[in-house]
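Below is one structure, written out as structure tokens; the observations come after it.
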Amino acid sequence: MSMRGRLTTVVVLFLVGVGVVVLCVATFLKPGTPGGVTDFTKSQPAGQPVHLLAQVVGSIGFGPHPTWVSYMVMNPTTHKWVQDTTWKLPAHTKIDMTIEQFDSGSPLRNQEWGQIQGTIGNSMQLNGKTVSVYNSFTGTGVGHTFAVPTLGISVPLVGVNGSDTLCGEGPCSTKMPHNEITFSFNTKGPGNFPWQCFVPCGLGWLFGNGGPMSTQNFMGGFLDVVNS
Amino acid sequence: MNDEPRHLRRMTIIWLIISVIADVLFWFLLGPHMAPGRLTSTAKADQFDFNFLAVIALPVMIAIWVFMGYSIRTWSAKRAGVPEPVGGEAARSHKGAIVSWMVITTVIVLFLAGFGTVALISDHGSGGGEGPNPIWSPTGATSAETAALTTSDSWSPSSGKVLVVQVIAQQWKFTYRYPAFGGFETTQLMLPTDTSIAFNVTSLDVIHSFWAYQLGVKADANPMLNNVAFTDTQQPGSFVVRCSELCGLWHGAMFDYGKVVSKTAFMTWATNTETANAANTKDLAPFAWTYVPDANGASGGYYIDGGVTPYSKAELYGAKPSS
């Protein structure tokens with residue numbers, strides 16, 4: 001092969017190699033699902049409490065991972081359920097949060113998360129009843145938690161009876177078996193605060209923390225607190 | 001008679017003067033501000049060790065720089081009257097210089113290895129995790145650890161006892177148990193001043209690493225293993241705790257802040273937290289060095305899992321409660 005031919009071959013192989021690397025990196029960095037931000041800063045007059053309605057469904061029912069457990073949130077503008085886990089909230093505002101929990105439960109891996117922390121009064125309302133500690137080794141256990149570690153918030157989401165006919169895919173109707181958990185907390189200054197579930201609910205992954213526990217828009221996200 | 005000046009003596013004098021100035025300036029000006037500070041005995045020892053190493057290393061570095069600078073200045077080919085460097089006799093190596101360099105650097109390295117070993121032992125592991133059976137324990141650590149397992153542990157400002165603190169890592173948060181106060185668990189890490197602390201670090205899932213930077217403490221958190229690290233707190237202050245083992249999606253968010261407070265303030269906090277958490281503490285698993293994992297996902301049972309003992313058979317440090 002001539003020198004020119006060799007040179008051409010080397011350049012072509014180099015470009016192919018670079019292309020493969022770029023493709024791999026781009027594929028790796030691509031998020032598992034398209035994600036958005038649900039904006040609650042304009043859902044009420046400034047200074048008034050924000051009402052945030054979310055639900056946890058045992059299987060999302062659509063998208064690339066229809067069998068995965070997931071949070072959903074009610075968009076305050078369109079009043080439609082969306083699979084966003086980044087919620088834009090106003091700073092220095094009371095957040096009244098309601099979570100409809102449609103998934104079954106089990107004992108917590110760490111019962112520490114059975115204690116309600118960081119909410120106003122360090123308590124929650126479970127189907128209208130005030131609870132400050134929930135023993136996950138009793139009753140129907142805990143299905144998931146809503147926790148914002150950097151704000152010290154941790155709320156156990158008590159599971160429903162697994163032997164009932166449960167909601168098959170989100171969004172779920174409140175006619176299906178569920179627990180309604182309500183609590184309030186105050187946002188502080190602006191910042192980006194990650195939140196997550198502390199129940200290793202990624203079934204099938206080592207220690208249960210893969211899959212939906214390690215993919216944005218399923219069991220974790222951000223509270224994007226901004227000045228309104 | 002050779003008119004050539006005594007270059008080696010010149011270089012030695014220059015090196016000596018610069019080295020003394022650099023060492024003195026470093027020791028008194030920079031040294032007190034070097035990481036990780038002086039919040040604990042291990043942090044203070046880390047700082048001392050670093051400064052000591054720097055004071056030893058600076059003259060070595062300066063020797064090289066002086067030799068290089070002097071050579072460029074004195075034997076540069078571009079200077080008038082200086083012959084071009086040539087091979088032959090003038091280019092031969094100097095046996096004495098080579099041997100001296102090897103001997104001196106070897107002595108320095110061996111001395112520092114000895115120094116590091118002594119520092120590691122005298123400071124009870126220098127804040128590093130020593131595994132489940134530490135060989136460099138402070139006085140009273142074994143009895144405190146034994147008491148922790150037998151639920152007979154106690155601590156008060158005047159007791160002078162080692163305070164046992166269990167660090168439990170999980171994806172993606174550290175929590176802390178205080179066996180001397182009923183075994184309550186909390187997300188806050190508070191420590192009393194002037195107290196020996198025995199951190200018992202474990203994990204409920206993957207490998208994490210407990211890194212309390214300003215305390216000079218760093219210990220891997222492994223599932224099914226108790227990793228013990230010691231330190232002695234000295235003065236009040238705040239510190240940061242970070243996970244230093246890449247552990248998944250929220251690894252970057254796995255941090256929190258701790259405080260070293262006065263003994264009385266700690267006692268007040270501990271007793272208040274013990275009372276506030278009492279309802280949940282009774283539901284926690286019995287205090288143990290490790291907790292049985294359930295690797296398959298959501299079901300709990302990480303703590304008491306049927307008939308499985310929560311104690312790892314590998315855990316030998318401290319006595320186990322009788323079954």
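Counting DSSP beta bridges with both partners in the protein assembly as shown, what percentage is antiparallel, nearest 5?
Roughly 70 percent of the beta bridges in the protein assembly as shown run antiparallel, per DSSP.
Sorting A:Asp164, B:Asp283 on the 10 Å Cβ count, fewest up front, what's the list?
A:Asp164, B:Asp283
How many angstrom lie between the C-alpha centres of the stretch A:79-145 and the stretch B:1-64?
Cα centres, the stretch A:79-145 to the stretch B:1-64: 58 Å.
Roughly what % of DSSP beta bridges within the stretch A:1-119 run antiparallel, to the nearest 5?
40 percent
Put +1 on the Cβ of each Lys and Arg and -1 on the Cβ of each Asp and Glu in the stretch B:141-281; which of B:Gln188, B:Val165, B:Val261 then has its Cα farthest toward the positive end of the dipole?
Sorting the options by dipole projection puts first B:Val261.
Enumerate the amide H contacts of B:Ser203 below 5 Å, restricted to partners 5 or more residues apart or on another chain; note that Pro and chain-start residues carry no placed amide H.
B:Ala169, B:Asn222, B:Met224, B:Leu225
At what distance in angstrom do the alpha carbon centres of the stretch A:187-228 and the stretch B:101-115 lie from each other?
Comparing the Cα centres of the stretch A:187-228 and the stretch B:101-115, I get a distance of 51 Å.
Output the peptides B:13-24, B:187-198, A:184-195, B:136-147 sorted from most to least packed, where packing is the average of other Cβ atoms within 10 Å over each peptide's residues.
Ranking, from highest mean packing down: B:187-198, B:136-147, A:184-195, B:13-24.
Using the Karplus equation 6.51 cos²θ - 1.76 cosθ + 1.60 (θ = phi - 60°), what ³J(HN,Hα) coupling, rounded to whole Hz, does each residue of the stretch A:116-126 give in order, writing x for Gly and Pro?
Karplus-based 3J(HN,Hα) across the stretch A:116-126 equals 6, 9, x, 8, 5, x, 6, 8, 9, 9, 9 Hz.
What relative contact order, as a whole-number percentage, does chain A give when Cα pairs under 8 Å and 6 or more residues apart are counted?
Averaging sequence separation for qualifying contacts and normalising by length gives 23 percent for chain A.
For the Cα atoms of chain A, what angle does the longest principal axis make with the long axis of helix A:3-29, in degrees from 0 to 90, nearest 10?
Roughly 0 degrees between the two axes.
Taking the Cα atoms of the protein assembly as shown alone, what are Rg (to one decimal) and Dmax (as a whole number) in Å?
30.7, 110
Over 26 Å between Cα atoms, which of A:Lys80/A:Lys129; B:Lys173/B:Lys282; A:Lys42/A:Lys80 qualify?
Cα-Cα > 26 Å for A:Lys80/A:Lys129; rest within.
Rule-based calculations on the coordinates, nothing more; no lab input. Computed from a predicted model, the values in this text were never measured in an experiment. As a convention, Cβ positions derive from the backbone with ideal geometry for all residues, glycine included, and neighbour counts pool all protein chains shown.
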